[in-house]
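What follows is a short report on a single structure.
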Amino acid sequence: MIYFSLTDIGQRHEKNEDSFFANIKEYNNVPVGLFIIADGLGGYNYGEYASAKCVEVVKDIIDEHMYNMNFDNLEDDYVKSVICNSIKIANDVIFENPNKILMGTTLVCALIINEKLYVANVGDSRAYMMSENNLVQITKDNSYVQHLLDEGFIDEKEARTHKDRNKITRAVGFEEQVEVDFYVREVQKDDKILLCSDGLTTMVEDEVIKNMLKNSKPKDICEELVRLANDNGGRDNITVISIII
């Protein structure tokens, strides 16, 4: 398992409100990959605070649980509880900030253990997987435009240019409770995982992402995707994490 991560301010923002974490660490001689991207919302410095605090809380809680994890008899439901509870605690921390300021963040989190990929998301930051040249979007956006797509009111082409394409329906820290989507996938050697904020996906189409993932070097994948997003307008901060199993 190898990876590379990269974040960029984009072309139209004065600061970067995305936060991320990417690391492979051994627990009881088992390599575990933990990868997180959060895209902050809230204006001034509040979005930046929300995304950074969310990443910090989630990674610390998951790391703590890894030391007591039974890797020989690992149950998906247990991993789900660890990840989802960490996100709910992060939600509490952000929602109950001392100044009671409304702020929030998207979150996509991937945990890779043995031959399993565990993914959790809130908002519209995404996780993709490419296996044998087949690209699949693992996560589903929690967004108004996704709702319109699901109901058949618009098609994929219209969704890309819809005026409300940045309007999300869930965020970590915006409300007292948060609903987390969770996914489990089997992975095998040479599978590729991509995590990204919407600064990439609003600027670069999935087919282009698929072509970039054919590259064998995570560093090159990240740099090319960020370059393409900026070349296409770079309307938002761009964060990408590329992982090759």
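Which ones in the range 113-145 are under 18 Å from V32 (Cβ atoms) and among the hydrophobic types (A, V, I, L, M, F, W, C)? Scanning the range 113-145 gives I113, L117, V119, A120, A127, M129.
Applying the condition of being of a type in the set (A, V, I, L, M, F, W, C) and assigned to a loop (DSSP other than H, G, I, E, B) to the range 1-22 and asking which residue is least open to solvent (accessible area, probe 1.4 Å) yields I9. For the range 165-182, indicate whether the set of residues that are surrounded by fewer than 19 Cβ atoms within 10 Å (Cβ to Cβ) and more than 24 Å from L41 (Cβ to Cβ) is non-empty. Checked against the condition, which is being surrounded by fewer than 19 Cβ atoms within 10 Å (Cβ to Cβ) and more than 24 Å from L41 (Cβ to Cβ), the range 165-182 yields no hits at all.
Condition first: surrounded by fewer than 19 Cβ atoms within 10 Å (Cβ to Cβ) and modelled with pLDDT of 95 or more. Can you find one or more residues in the range 29-38 that meet it? Yes, that holds for at least one residue.
Taking first residues from the range 117-141 that are at positive phi and partners that are at pLDDT 95 or above and of a type in the set (S, T, Y), the Cβ contacts under 9 Å between residues at least 6 apart in sequence or on separate chains come to G123/T105; G123/T106. Within the range 134-154, the set of residues being farther than 17 Å from D181 by Cα, part of a loop (DSSP other than H, G, I, E, B) and open to solvent by 80 Å² or more (accessible area, probe 1.4 Å) comprises E151, F153. When each of V82, V30 is tested for being free of Cβ contacts under 8 Å to residues at least 40 places away in the same chain and more than 25 Å from N237 (Cβ to Cβ), the lone residue that passes is V82. Please state which one of K53, K25 is basic (K, R), open to solvent by 20 Å² or more (accessible area, probe 1.4 Å) and assigned to a helix (DSSP H, G or I). Sole residue among the options that is basic (K, R), open to solvent by 20 Å² or more (accessible area, probe 1.4 Å) and assigned to a helix (DSSP H, G or I): K53.
The values are calculated or read from the model by the stated rules, or taken from the named source; none is laboratory data. In this text the structure is predicted, and so the values were computed from the model without any measurement. Because the Cβ atoms are built from the backbone with ideal geometry, glycine has one as well, and the counts that use them run over all protein chains shown. Calculation scope for accessible area: heavy atoms of the full protein, side chains included, ligands and nucleic acids excluded. Shrake-Rupley method; radii C 1.70, N 1.55, O 1.52, S 1.80 Å.
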